[in-house]
C-alpha cells in the first residue's frame, strides 16, 4: 500500500509510523492534566470518518499530517506537518 | 461407516439453530445490541441465572459474524493483572462445562498453552506471570527448553538462530473451542428460554430523554428497553457516540491466517511474546496463526500483505516445516482496544445503559465470564466483584488495569 505525499510522492506505508490524532488543543493546557479533554487526548478513539493524524516518515525523519478516512484508509491529504500547521495558523482551510 | 450415521445423514432434517424470525416487539426488559459471543452469552445468562426472559438481541449482520467468527479460538487465563487472571480464570472454568450445559458441542479442546521466551526479559515476565497466576488460583509454571521440546517436538530448538527458545511459561489450562459453535449453542439455548434474537437488525438512532435512552430506532422499527447492553466490539465508539458519550477505545484491525489442513501434528498452543506470533492447529487440521495488531487505527476488517510478511518470518523460524504449507485464508477483525489493554464492563454515563467493550484481542476467551457477569449486573443493578476493576470510570480516576499479558499487542 502506498501513501500519497504532496512533496515526496507515493511512498510505501512501511516507511511511516502512526503518531496519534491531530486534534486536541487541550494537549497544550498544562494545568488541565486530569481534565476530560486530556483523557480524551491520551486515550480517546474516533468512531470513524475522516480524521487528522500525525505520521512520522522514517527515511526522511519528517513529520507529516494526513487527513485519512478511517474505513477506506484513503488519504484526503498528506503533507509536511509544518506546512499544514502554518496554513491552519493562518486560518486557511485544510 | 456405521449404518446409523448414514441413516442420520440422509434421513433427518436437523432442527435449525434459531426459530424463524418474527416481527420486532415494541418493548423488552433488556435489549442487547450486538449478536456476537458476548451479547448472546449475556442473553443466555440473563435467562438462565436470573429468569429475565423478555430479552431481545439485535444484530446488524448475521449471528456471530463479527469478531466471534474472526478470532483464533484460544482460551486461556494466564494473564498478568490480578483482575485479569481472576476474570479469565472464571471464563476458562465456565468454558470447560459449556458443551454439556448448552447440550451443544463447542469442541472444547484442552491443549496446553506455551508462551515461549527467548531472552532474560522474556524469562522474567514468564516468572512474574507464573507467580501472579498461582496467587490467583490459575495453574502456570516456567519450564526449561528440554521440557518445551518434550511438549512440542515440532519446535525449532536450534541455538544458532536470532531468537533461540530458552524456555516457556506453560499453562496447562490453555484450550481451543469452535468459535461459531459457542455462539450457536448460546443462541439456541437462549432462544429456547424465550430470548428473541433478531439478525439483520441495526440500531440507527437513539432518543435520549432524562438521562436515559427512551427509544431505540432500528431499520426494522422502534422499540423501548428497560435496560440496554452494548456489546458491539469494533463499533463501540460509534454506538457510544450515538448514545451520547465518548469511549477511551481505539479501533484497530487484528489479522489472522489459516493454512491448508493437514493431519494433527501440533497439540499445544504456541505463542512467542518476543516474536509476537502465535499458532495452534484446529480440529480441522488447519494451522491457525496470528501476529500483532495493525500499527494504526482503521475501522475495516481488511487484511494486508505487510502483516503477513511480519508474521511469517518469525513463524518459519519457530516452525521451519511450515515453509511448505500454503495459506488458505487471511482476514481481519476490528478490535476495540483500550489503552490499558483491559476490557470495559459496567454502567455508562447513560442511565440503564451498560457497556461490554474494549475486548480488543481477548474477546473470545472472555465470552462465558463476560456474559455471566454482565447478566448479573443488568439483572441486579449491582456490579459484581469479578468485573468491578473494569469500569469505565477507571480512566477518570486513573486506576487503570494494565494488562501486559494481552495477546497481539506490544508491551
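Only the coordinates and a few stated rules stand behind these numbers; no lab work does. The structure displayed is predicted, hence computed values, not measured ones. Every residue, glycine as well, gets a Cβ built from its backbone with ideal geometry; the counts of neighbours run over all protein chains shown.
Quick notes on this structure:
- Comparing mean-square fluctuations of B:396, B:342, B:236 from a GNM of chain B with C-alpha springs under 10 Å, the top value falls on B:396.
- Distance between the pseudo-spin-label points of residue B:144 and residue A:1 (7 Å out from Cα toward the beta carbon): 4.6 nm.
- Crossing angle, helix B:305-318 versus chain B [Cα axis fit, 0-90 degrees, rounded to tens]: 40 degrees
- Considering only beta bridges that DSSP places wholly inside the protein assembly as shown, some 75 percent are antiparallel.
- Each part reduced to its alpha carbon centroid, segment B:143-198 and segment B:46-113 end up 14 Å apart.
- Averaged over the residues of peptide B:112-122, the number of Cβ atoms from other protein chains lying within 10 Å of each residue's Cβ is 0.
- Dividing the summed -39500 (n - 2.57) terms of all DSSP H runs of n ≥ 4 by the residue count of the protein assembly as shown sets its mean residue ellipticity at 222 nm at -8000 deg cm²/dmol.
- Sequence-separation-based contact order of segment B:273-352, relative, with Cα cut under 8 Å and 6+ spacing, percent: 26 percent
- Note on residue B:393 and residue B:324: their simple-model spin labels are 6.0 nm apart, each label 7 Å out from Cα toward Cβ.
- Length available on full extension from residue B:3 to residue B:26: 0.36 nm per residue minus the Cα-Cα distance, which gives 3.3 nm.
- Relative contact order (percent, whole number), segment A:2-89, Cα cutoff 8 Å, 6+ residue spacing: 28 percent
- Mean separation of Cα contacts under 8 Å, 6 or more apart, over the residue count of chain B: relative contact order %: 23 percent
- The mean count of C-beta atoms from other chains within 10 Å of the C-beta of residues in A:64-70, rounded to a whole number, is 2.
- Within the listed set B:43, B:335, B:15, the Gaussian network model of chain B (springs between alpha-carbon atoms below 10 Å) gives the highest mean-square fluctuation for B:15.
- Between helix B:82-96 and chain B: long-axis angle, C-alpha atoms, 0 to 90°, nearest 10: 80 degrees
- Of interest is the spacing of the C-alpha centroids, which for segment B:362-411 and segment B:344-359 amounts to 10 Å.
- Between residue B:267 and residue B:10, the FRET efficiency from the beta-carbon distance, with R0 = 25 Å, is close to 0.10.
- Average beta carbon contacts from partner chains per residue of A:46-53, 10 Å cutoff: 5
- Prolate/oblate/rounded label for segment B:33-84 (Cα gyration tensor, a/c 1.5): oblate
- Nearest-ten-degree value, helix B:179-192 long axis tilted from longest Cα axis of chain B: 30 degrees
- Approximating the spin labels as points 7 Å out from Cα along Cα→Cβ, the residue A:71-to-residue B:163 distance works out to 3.5 nm.
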